[in-house]
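Down below is the structure, laid out as structure tokens.
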Number of protein chains: 2
Amino acid sequence: MNPAELSPSRARALFRDGLRVPTSGYSPGYAQANLISLPRDLAFDFLLFAQRNPKACPVLDVTEPGEVSASVFDGDLRTDLPAYRVYRDGKLVEERADVTDLWRDDLVSFLIGCSFTFETPLLEAGVPVRHIEAGTNAAMYETDRACRSAGRFSGPLVVSMRPIPAGQVADAVRITSRYPAVHGAPVHVGDPAALGIADLDRPDYGDPVQVREGEVPVFWACGVTPQAAVVASAPEFAIGHAPGHMAITDARDTEYQVP
Amino acid sequence: MNPAELSPSRARALFRDGLRVPTSGYSPGYAQANLISLPRDLAFDFLLFAQRNPKACPVLDVTEPGEVSASVFDGDLRTDLPAYRVYRDGKLVEERADVTDLWRDDLVSFLIGCSFTFETPLLEAGVPVRHIEAGTNAAMYETDRACRSAGRFSGPLVVSMRPIPAGQVADAVRITSRYPAVHGAPVHVGDPAALGIADLDRPDYGDPVQVREGEVPVFWACGVTPQAAVVASAPEFAIGHAPGHMAITDARDTEYQVP
């Protein structure tokens, strides 16, 4: 089973059957998405939060209340991601592989663009992606930058980090800036301290990755930001993907490319 | 009083004092915006409608309920547009210059990008804008294309039309495509019948403009689309701008330019 050769529906079937892995490198060429499912009465505040923080929360799709598939996701949002996180009153109460029995008719699900989507064009341009090489999850960090709040939602910007050889940083910027719907250009290049990140070896989500001599840490806005907002804002209930364990959509990454 | 020399706040003051004119050509260099104000309980459905129809409804700003200014609009949304349209149960009941006495604490106001914004770069590139030359309002048409619906909102795509010399159509496409937040590239070039427009001389909103020999009618998605959705969907109450009589914002048009 080569993750790079799986169609989205085949990958989703494996996850539905229990495979529990980060999805970076899976189904290259297809967009991946962050999930946040919230009760209907919080949906406007969250959609406005996303609209006000478009680099961190680019909205790819929004379901009707209770629906378990989406126009870009021809699967079951309750089972077809490798893992989920469940929040009650802003507390992470559980991580699990299936949320069918927790599902509610009033849940509106938001699919938010994921930077794994632009890793395929990075690799094709010869820009290395360390966590794919290493077979680990991406490294993600909460920053000291506040998102613009909206109604009941506020929280910090979360970023993913990829170490990029100094001579390829410009390529990485140029390539990723063409994909604004999956976070686009980096928000920061270089010093992690300037984002309030104390120690790159201790990510808040995912796995640490090695930054080698001659490489620069490059930070992109991350779709875990909504879950940090859930923790900061304490809505009564929320379901998200487990960081790095994404919804693999049926949309080609090229659909999100701008000229 | 030269409209091209007025700052946004000076233009807004004139409108507040009763000047009732289309705003194309006013305060060049500043973004203009469509207004739609809706009761809070419809706000999610509308924001989702906008998210699903981003070419017609690019959201520049959303207010908190009851607020009368916005981060990009340092004025009073109830008085500082030249004219407003008031809808009850989907019926246009009134057009007037001030909506202060109709304002409600539960109104959420959406500022939607307006194609007047990219007329400055068009003119700078030597592409003519007929309705500015003629001193009239732009020509706007309802099409037979349905927007993607969202909750209680559905309706037809509305477009604005500018006649462009055939040799400059490519320039017009190239220039406007750099402004996706104010409708971006045209949705259609040429035959109006293909959009279900029977007669260019009878626009649904604004004034007709002359299409001269050697010119092609070019159609851009238009921020009157939300008002067509109000008519089609019949929410209990809504306030919009009078078509062509826009909110002049404090945001520079260059803020909405992409590379």
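The values are calculated or read from the model by the stated rules, or taken from the named source; none is laboratory data. Everything quoted here is computed from the prediction, not taken from an experiment. Heads up, the Cβs are rebuilt from the backbone with ideal geometry, glycines too, and the neighbour counts pull from every protein chain shown. Calculation scope for accessible area: heavy atoms of the full protein, side chains included, ligands and nucleic acids excluded. Shrake-Rupley method; radii C 1.70, N 1.55, O 1.52, S 1.80 Å.
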Query raised in the report: Could you list, in sequence order, the residues of segment A:198-216 that are of a type in the set (D, E, K, R) and either in contact (Cβ under 8 Å) with a residue 24 or more places away in the chain or on the phi > 0 side of the Ramachandran plot (or both)?
Result: A:Asp204, A:Asp207, A:Arg212, A:Glu215
Requested in this report: Taking A:Ala185 as the residue in question, decide whether it is in contact (Cβ under 8 Å) with a residue 40 or more places away in the chain, small (Gly, Ala, Ser) and open to solvent by less than 60 Å² (accessible area, probe 1.4 Å).
Outcome: no
Report summary line: Across (1) touching a Lys or Arg at 6+ places or on another chain (Cβ under 8 Å); (2) on the phi < 0 side of the Ramachandran plot; (3) not hydroxyl-bearing (Ser, Thr, Tyr), B:His183 clears everything bar (2)
Report summary line: Here the qualifying pairs (Cβ atoms under 6 Å; residues six or more apart or on different chains; first in segment A:62-91 and within 22 Å of A:Glu255 (Cβ to Cβ) and more than 14 Å from every other protein chain (Cβ to nearest Cβ); second part of a strand (DSSP E or B) and open to solvent by less than 50 Å² (accessible area, probe 1.4 Å)) come out as A:Phe73/A:Ala247; A:Phe73/A:Thr249; A:Leu77/A:Ser109; A:Leu81/A:His241; A:Leu81/A:Ala247
Requested in this report: Taking B:Ala238 as the residue in question, decide whether it is in contact with a helix residue (DSSP H, G or I) (Cβ under 6 Å, 6 or more places away or on another chain) and in the same structural domain as B:Val108 (by TED's automatic domain parsing).
Outcome: yes
Query raised in the report: From B:Ala50, B:Ala13, which residue is more than 14 Å from the chain's Cα centre (by Cα) and open to solvent by less than 50 Å² (accessible area, probe 1.4 Å)?
Result: B:Ala13
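If you scan segment A:6-43, which residues turn out to be part of a strand (DSSP E or B), within 19 Å of A:Tyr84 (Cα to Cα), away from every other protein chain (no Cβ under 14 Å) and not hydrophobic (A, V, I, L, M, F, W, C)?
A:Gln32, A:Asn34, A:Ser37
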Query raised in the report: Which ones in segment B:73-95 are assigned to a strand (DSSP E or B) and open to solvent by 10 Å² or more (accessible area, probe 1.4 Å)?
Result: B:Arg85, B:Arg88, B:Lys91, B:Leu92, B:Val93, B:Glu94, B:Glu95
Query - Matching residues in segment A:117-132 - criterion: being in a helix (DSSP H, G or I) and open to solvent by less than 70 Å² (accessible area, probe 1.4 Å) - result: A:Thr117, A:Phe118, A:Glu119, A:Thr120, A:Pro121, A:Leu122, A:Arg130, A:His131, A:Ile132
Query raised in the report: Out of all the residues in segment B:98-106, is one or more over 23 Å from A:Arg152 (Cα atoms), under 19 Å from the mean Cα position of the chain (by Cα) and not assigned by TED's automatic domain parsing to the domain that holds B:Val159?
Result: yes
Report task. Look at B:Ala56 and say whether it is open to solvent by less than 10 Å² (accessible area, probe 1.4 Å), among the small types (Gly, Ala, Ser) and assigned to a loop (DSSP other than H, G, I, E, B). Result -> yes
Query raised in the report: Is it fair to say A:Asp98 is assigned to a loop (DSSP other than H, G, I, E, B) and either modelled with pLDDT of 95 or more or on the phi < 0 side of the Ramachandran plot (or both)?
Result: yes
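With respect to A:Thr249, determine if the residue is touching a Phe, Trp or Tyr at 6+ places or on another chain (Cβ under 7 Å), among the polar types (S, T, N, Q) and not assigned by TED's automatic domain parsing to the domain that holds A:Thr23.
no
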Requested in this report: Please enumerate the residues belonging to segment B:133-148 that are among the β-branched types (Val, Ile, Thr) and closer than 13 Å to B:Gln210 by Cβ.
Outcome: B:Thr136
Query raised in the report: Right, A:Leu195: of a type in the set (A, V, I, L, M), surrounded by 20 or more Cβ atoms within 10 Å (Cβ to Cβ) and at negative phi or not?
Result: yes
Report task. Please work out which one of (1) surrounded by fewer than 23 Cβ atoms within 10 Å (Cβ to Cβ); (2) in contact with a strand residue (DSSP E or B) (Cβ under 9 Å, 6 or more places away or on another chain); (3) modelled with pLDDT of 95 or more is the condition A:Asn34 fails and give its number. Result -> (1)
Query raised in the report: Any idea which of B:Ile239, B:Ile248, B:Ile175 is within 21 Å of B:His131 (Cβ to Cβ) and over 12 Å from the mean Cα position of the chain (by Cα)?
Result: B:Ile175
Query raised in the report: Can you name the condition, by its number, that A:Ala43 falls short on among (1) more than 27 Å from A:Leu19 (Cα to Cα); (2) modelled with pLDDT under 95; (3) in contact with a strand residue (DSSP E or B) (Cβ under 8 Å, 6 or more places away or on another chain)?
Result: (2)
**Report entry** Residue tally, condition more than 14 Å from every other protein chain (Cβ to nearest Cβ), surrounded by 17 or more Cβ atoms within 10 Å (Cβ to Cβ) and not in a strand (DSSP E or B), over segment B:148-166
**Finding:** 1
Report task. Please specify each residue of segment B:133-147 satisfying the condition of being surrounded by fewer than 18 Cβ atoms within 10 Å (Cβ to Cβ) and either under 14 Å from B:Val218 (Cα atoms) or touching a Leu at 6+ places or on another chain (Cβ under 6 Å) (or both). Result -> B:Arg145
Query raised in the report: Among all residue pairs at least 6 apart or on different chains, which show Cβ distances below 6 Å where the first residue, located in segment A:146-166, is in the same structural domain as A:Ala194 (by TED's automatic domain parsing) and the second is of a type in the set (Lys, Arg)?
Result: A:Arg148/A:Arg52; A:Ala150/A:Arg52; A:Leu157/A:Arg145; A:Pro163/A:Arg130
Report task. Take segment B:167-179 and flag every residue that is in a loop (DSSP other than H, G, I, E, B) and open to solvent by 20 Å² or more (accessible area, probe 1.4 Å). Result -> B:Ser177, B:Arg178
